[in-house]
Amino acid sequence: MITLILIIVVISILILVHEWGHFYSARRLGIKVEEFGFGFPPKVFSRVKNGITYSFNLLPFGGFVRIFGEHGEGEGETDSFISRPPWQRFIILGAGVFMNLVLAWVFFSAGSVAGVPRLSDDENLSGVPVSIIGVMPDSPAMQAGIRFGDAIFELRSRDISLRVETEDDVRDFVAAYRGEEITMVLKRGSEIREVFLRPRVNVPEGEGPIGVALGRIEFIKTSWYLAPIEGGRVLVRTVSATVSGFWELIRELAVSGRAPVAVSGPVGIFFVADDTRSLGVTYFLQFIGILSVNLAILNFLPIPALDGGRVLFLVIEKIKGSRVDPRVENMIHAAGFVLLVVLMILVTYRDVVKIL
């Protein structure tokens, strides 16, 4: 329940910050904003201030902003979105993406102060536990519920107990008890737990008997005055990796019709959030930052109904020298919205099926 509440709060913050970017830029450019909604209808109550309706709605998933002229109304009126030059409309459309990147930078900076996890290559590192840094699909480790970030403290069999000091301790112990049930004592966040598993006798190529990758995760802390610089570096790396990931996803879908990586919807995000929250505040801050970057990049893809799709129509307008008929554009965006909803339902269904 705590994770569910947290993920609702986090997603709401990401969306509200995105919408605030549209809101603020439109206001600064003198374009009329009709409504800023907190949550989604049905409406609970609202109030009007400076000509803007601020509505508070029942569904607590983010919010929305209604800008006069965004659907083509008010052409010729100075305070209408549709009447402004393309560069101003581009600023308003891009402001939401920009604010999500700023928010990610804030979370990455805060995470660098708390301590950024890093895989150590120091074989003589002391005081840092051996941790799980990878779990193979359908392996004994996955079936036992072992997760990324779990620290291994102790291994037990029917006749021996071993305090884990090095990665070789784990490898040698597991190899010695193939085919027999062993107990692994793990630390996940602040929780100590025991899991039971049976190392495989016949090991698939490229995997170990229990199907995990091991390493030492140390936390590198940054001074508060250097945190914005480190946060910026992490933001650049994350944006680069996210853009590359989206490009590979789109390319593979176009070529083979299959996604090269797992794509998760709200249910999948919930379980990732639950895992990262259990690992501690540092992982959770990094997770929120990555989620904000993903929202920014996804929104800027040239897909109808998204900000990037609207920017695409601005580019078409600039090339052809005249605006696309607003009715045609609205129909295309509506179709894109329906397609995105169907895609979200399919992804969510797949997430649920994987759990069951």
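The values are calculated or read from the model by the stated rules, or taken from the named source; none is laboratory data. Quantities reported herein were computed from a predicted structural model and do not represent experimental measurements. Counting neighbours? That spans all protein chains shown, and the Cβs are built from the backbone with ideal geometry, glycine included.
Points to keep in mind about this one:
- Failed item in (1) under 27 Å from the mean Cα position of the chain (by Cα); (2) surrounded by fewer than 20 Cβ atoms within 10 Å (Cβ to Cβ), with GLU35 passing the rest: (1)
- Of all the criteria given as (1) closer than 19 Å to SER292 by Cα; (2) in contact with a strand residue (DSSP E or B) (Cβ under 7 Å, 6 or more places away or on another chain); (3) surrounded by fewer than 20 Cβ atoms within 10 Å (Cβ to Cβ); (4) not aliphatic (A, V, I, L, M), the one not satisfied by HIS22 is (3).
- Restricting the range 227-238 to residues that are in contact (Cβ under 8 Å) with a residue 24 or more places away in the chain and either closer than 16 Å to PHE148 by Cβ or not small (Gly, Ala, Ser) (or both), the residue that is surrounded by the fewest Cβ atoms within 10 Å (Cβ to Cβ): PRO228
- Selected residue (only one of GLU205, GLU252 is over 25 Å from VAL102 (Cα atoms), without any contact (Cβ under 8 Å) to a residue 24 or more places away in the chain and surrounded by 13 or more Cβ atoms within 10 Å (Cβ to Cβ)): GLU252
- Subset of the range 171-191 [within 14 Å of ILE146 (Cβ to Cβ) and hydrophobic (A, V, I, L, M, F, W, C)]: VAL174, ILE182, MET184, VAL185, LEU186
- Of the criteria (1) touching a Pro at 6+ places or on another chain (Cβ under 9 Å); (2) within 15 Å of ASP307 (Cα to Cα), which one ILE67 fails: (1)
- One residue alone among ARG158, ARG216 is in the same structural domain as VAL130 (by TED's automatic domain parsing), surrounded by 17 or more Cβ atoms within 10 Å (Cβ to Cβ) and modelled with pLDDT under 90, and that residue is ARG216.
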